[in-house]
Amino acid sequence: MAVRSSSQAKNLENLGIFEEHIVIRFILHGLPAFKDSKLFIKDLHFDEVPVRIYLPKLPSTNKRRGVIFFHGGCGMFGSIRTYDRTCQYIAKNSDSVVMSVGYRLSPEHKYPGQFLDCLTATVRFLQTAENYGVDSDRIIICGDSTGGTFTASVCQELANRTDTPKIRAQVMIYPFLQALNFNLPSNQRNAFMPLLSRKRTVRFILKYLNKDSSMKEAVLAGSHVPENMKLKYGKWINADLIPNKFKQGYKPPQSTSCVVQVYEEVKEVFETTFSPLLAEDSVLCRLPDTCIITCEHDVLRDDGLLYKKRLEDNNVKVTWYHLEEGFHCTLGFFGYSIFSFPSSNKIVDHILNFVKGY
């Protein structure tokens, strides 16, 4: 159903009827979830950023942990409502106070506005945690896909700040973490996967950044990467760093030269707020305990594997879950009865298992 809807959305855009991202937003908005009777649910604004707070009704003798949730959707789709079922479930079953962030969406709101909204809401929650019965030393950030990007970049931004409590842990579900190399083993193996193919990934990136989609093939080939960046970041983003069991059928791509015009047009992708995997070791070594969830049938699988390695190399404690049957976007189906997948439930169970440890 979701695959067919995505194809129809692209067809409508080609016909000039609706823009693709508008149609996908409508589809992903979904049916409203029933409010769980065991939760207080409040819609607020933190410095103009919409947030939804989920508070367990049952009294607690101690302050609860807090979970900040950033939804996925390529920075263009998704909403608080899209992940309402997931956030209610996490709040109730982990006895946590959950804050879901409704950041502004591209292309109407330009990058890095999405990251800045997530950062703003996070800082405000950290500073006012006690107002919601939350222990400010037990706050976890969680996100899927692009929400995983924001999770990584917000944690990196806060790593050296002294004006807020420290983030206790972070959870990233099939995160997008780098735009340097789109020819890793998972990009090749899952190049034609529904929902998020290799080409659609780059097309969405260009749309998110308000760039010309005609550069898609050049970016896929790596023509946007200057030689000095290939040398600098190749030690971190390289197929050689992927375990052999994940490299079946992999073929090293042909080397391509940088096209200066393409680099200049898309150079934002090398900022760490866009590609957190490019952050220096001096930042990564200060990051909190981390949970990374990857899926086998996902073009972004290797982003998670490479970030796992970098964090472990910097002595950060990493818990890793890998779903052999999982695919990108599977968390978005959680709670939709027969339309949910076993992998959707498994991901939420993994989140709960990790969160309960803090």
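Values in this text are rule-based calculations from the coordinates and carry no lab data. Note that the coordinates shown come from a computational prediction; the quantities given were computed from them, not determined experimentally. Virtual Cβ from ideal backbone geometry, glycine too; neighbours counted across all protein chains shown.
Points worth noting:
- Reference-scaled alpha-carbon Rg (2.2 N^0.38 Å with N residues) for the stretch 218-267: 1.29
- Whole-number percent relative contact order across the stretch 39-355, with pairs defined as alpha carbons under 8 Å at least 6 apart: 18
- In the stretch 65-151, trypsin sites (Lys or Arg not before Pro) in a DSSP loop with at most 13 other beta-carbon atoms within 10 Å: K110
- Within the shell of other residues whose beta carbon sits under 12 angstrom from the beta carbon of S37, the net charge comes to +3, with Lys and Arg scored +1 and Asp and Glu -1.
- Among beta bridges from DSSP that stay inside the chain, the antiparallel ones total about 30%.
- Fully extended contour minus Cα-Cα distance, from I22 to L44, at 0.36 nm per residue: 5.4 nm
- In this calculation the C-beta distance from Q248 to T164 is compared with R0 = 56 Å, giving a FRET efficiency of 0.80.
- A run of the chain free of exposed loop cleavage sites, with GluC sites (Glu not before Pro) counted only in DSSP states other than H, G, I, E and B and at most 16 other beta carbons within 10 Å, reaches its longest extent at 109-270.
- Hydrodynamic estimate: the Kirkwood radius of the stretch 61-165 over Cα pairs, inserted into Stokes-Einstein at 10 °C and 1.306 mPa s, corresponds to D of 114 µm²/s.
- Taking every DSSP helix (H) stretch of at least 4 residues in the chain, weighting each as -39,500 (n - 2.57) and dividing the sum by the residue count yields a mean residue ellipticity at 222 nm of -10500 deg cm²/dmol.
- Going from the fewest other Cβ atoms within 10 Å to the most, the residues T272, T146 appear in the order T272, T146.
- Across all directions, the shadow cast by the convex hull of the chain built on its C-alpha atoms averages 17.3 square nanometres.
- For the stretch 116-167, the Cα gyration tensor yields ellipsoid semi-axes of 18, 12, 10 Å (square root of five times each eigenvalue, largest first, whole Å).
- Cleavage-rule hits, trypsin sites (Lys or Arg not before Pro), the stretch 189-271, DSSP coil, Cβ neighbours within 10 Å at most 11: K235
- Using C-alpha pairs under 8 Å with a sequence gap of at least 6, the mean separation divided by the residue count of the stretch 228-320 gives a relative contact order of 30 percent.
- Of the chymotrypsin sites (Phe, Trp or Tyr not before Pro) found in the stretch 151-244, those that fall in a DSSP loop while having at most 10 other beta-carbon atoms within 10 Å are F192.
- For F46, residues with placed amide H under 5 Å, excluding near neighbours: V51
- Modelled label reach - N315, point 7 Å along Cα→Cβ, the stretch 131-146 residues with backbone N closer than 17 Å: none
- Computed from backbone phi, the HN-Hα couplings of the stretch 208-220 come to 4, 8, 6, 10, 5, 5, 5, 7, 4, 5, 5, 5, 4 Hz, rounded to whole numbers (Karplus: 6.51 cos²θ - 1.76 cosθ + 1.60, θ = phi - 60°; Gly and Pro given as x).
- Here is the size of the stretch 38-106 from its Cα atoms: Rg then Dmax, 12.4, 42 Å.
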